[in-house]
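Derivation of every value follows stated rules applied to the coordinates shown; laboratory data play no part. Because the structure is predicted, anything quoted here is derived from the model rather than measured. Every residue, glycine as well, gets a Cβ built from its backbone with ideal geometry; the counts of neighbours run over all protein chains shown.
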């Protein structure tokens, strides 16, 4: 048999429990009240004593407010971390291919590396700090030094690993900052007013 709930303010009955709340210590059928009816009642009271306390049982209303900022940050971080992981995998594949070219076709491989790092570090000059640029200069110096001493194959793996780690770090720092600003615009910070339902034992929305 369906249970009916009776609102102690408007006296209407309904079987939809989520429309009701038990905000105080009143017992029996008198404990249920429509959220909308309670809101109207609280608005008429303003900031008087009965705004925080039930006038029948004198039980205090348990309220709290919370916003969705933490959930927004969690969603943004999750999205960005997933995207960065995908790009890092792409970088890894790129450096594996470059590693093969460097060992078997050195001129082609290092030409591609030179073009890639020229574009990357021009971007870094514009968007990242000088420490990271300095790291990039060291990598490029190591590359040219290995060419000069005809030790391309011996140093190629070491160079490419440093290049991969540095590129991933540079990209992650820059991408996170820029993507965070972009994604944050898609979310709206909102505040929810909650009241404790003493029958359900949880805070529910929809009440002032």
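The table that follows gives values for the structure above.
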| item | result |
| --- | --- |
| Cα→Cβ-extended label distance, 7 Å offset, between residue 75 and residue 185, nm | 1.7 |
| Spin-label pair residue 199/residue 52, simplified geometry with 7 Å Cα→Cβ offset, distance in nm | 2.7 |
